[in-house]
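Computed from the coordinates by the stated procedures, all read-outs in this text should not be read as laboratory data. Quick caveat, the model's predicted, so the values are computed rather than measured. Cβ coordinates were reconstructed from backbone atoms using ideal geometry, including for glycine residues, and neighbour counts include every protein chain displayed.
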Amino acid sequence: MTVITTGKRIDLYPAKTEDIDIIMNLENANENKNFVWQGSYEEHMSEIDDPSYILAVFREKSDNRILGYVLAGVDKRSDVFELRRIVVAEKGRGYGREAMSLLMDYAFNILHINRFWLDVYPDNFVGINLYKSLGMKHEGTLRQSYRSERGYLDQMIFSILKEEYFLKNTG
């Protein structure tokens with residue numbers, strides 16, 4: 001199993017077919033389902049096979065268990081990394097911060113992207129606070145841009161540019 005990137009407590013690995021059930025369970029868990037899109041098995045299979053996506057799982061180094069997953073789109077033409085989904089199973093233990101830091105480091109230092117961005121629902125207070133603490137800027141809000149079981153939801157856009165990332169992480 002080839003590691004994509006490695007952190008202090010977690011490693012990021014490409015998702016495999018046998019990981020899809022775990023990914024779908026994470027998406028559908030009560031504490032997550034209001035904040036992330038739930039993909040179908042077929043959608044996740046196509047993401048594994050599509051080179052413009054990164055579907056990957058975070059594994060705990062000590063016991064190799066899956067702690068979460070990430071789905072990102074990479075636009076190499078424009079050097080843009082779009083974080084589409086991130087879910088961490090064990091909340092409140094710093095795994096989300098470590099996962100985000102690993103992703104940003106990978107995007108800027110390995111993929112050499114210029115812009116890392118994501119959207120988040122306004123009621124995802126934990127995510128918003130994390131993104132701000134990592135130096136991401138709120139660019140604006142797409143009003144009622146997503147229809148869900150909860151109704152029409154706003155999507156807040158956050159991003160960090162290469163020069164902002166390196167200024168924050170080297171100075």
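Computed quantities for the displayed model
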{"quantity": "Dipole of the chain, positive direction: furthest Cα of 14, 167, 52, with charges on the beta-carbon", "calculated": "167"}
{"quantity": "Distant-in-sequence amide H partners of residue 146 (H built 1.01 Å from N, under 5 Å)", "calculated": "153"}
{"quantity": "Three-way shape call for the chain based on the alpha-carbon gyration tensor, with the a/c threshold at 1.5", "calculated": "rounded"}
{"quantity": "Estimated distance in nm for a label pair at residue 21 and residue 166, the labels positioned 7 Å out from Cα along Cα-to-Cβ", "calculated": "4.6"}
{"quantity": "DSSP bridge orientation in the stretch 5-120 - percent antiparallel, rounded to nearest 5", "calculated": "85"}
{"quantity": "Förster radius 35 Å - calculated FRET efficiency between residue 77 and residue 30 (Cβ-Cβ, nearest 0.05)", "calculated": "0.35"}
{"quantity": "Pairwise label distance in nanometres, residue 91 with residue 132, each label 7 Å out on the Cα-Cβ vector", "calculated": "1.8"}
{"quantity": "Under Karplus coefficients 6.51, -1.76 and 1.60, residue-wise ³J(HN,Hα) of the stretch 35-49 in Hz, glycine/proline x", "calculated": "10, 9, 5, 9, x, 7, 4, 5, 4, 5, 4, 5, 5, 4, 7"}
{"quantity": "Estimated vicinal HN-Hα couplings, Hz - the stretch 156-167 in sequence order (Karplus 6.51, -1.76, 1.60; Gly, Pro = x)", "calculated": "8, 9, 10, 8, 9, 9, 3, 5, 5, 4, 5, 5"}
{"quantity": "Relative packing of peptides 111-118, 15-22 - highest average C-beta neighbours within 10 Å first", "calculated": "111-118, 15-22"}
{"quantity": "Sequence-separation-based contact order of the chain, relative, with Cα cut under 8 Å and 6+ spacing, percent", "calculated": "16"}
{"quantity": "Difference of contour (0.36 nm per residue) and Cα-Cα distance, residue 49 to residue 101", "calculated": "16.2 nm"}
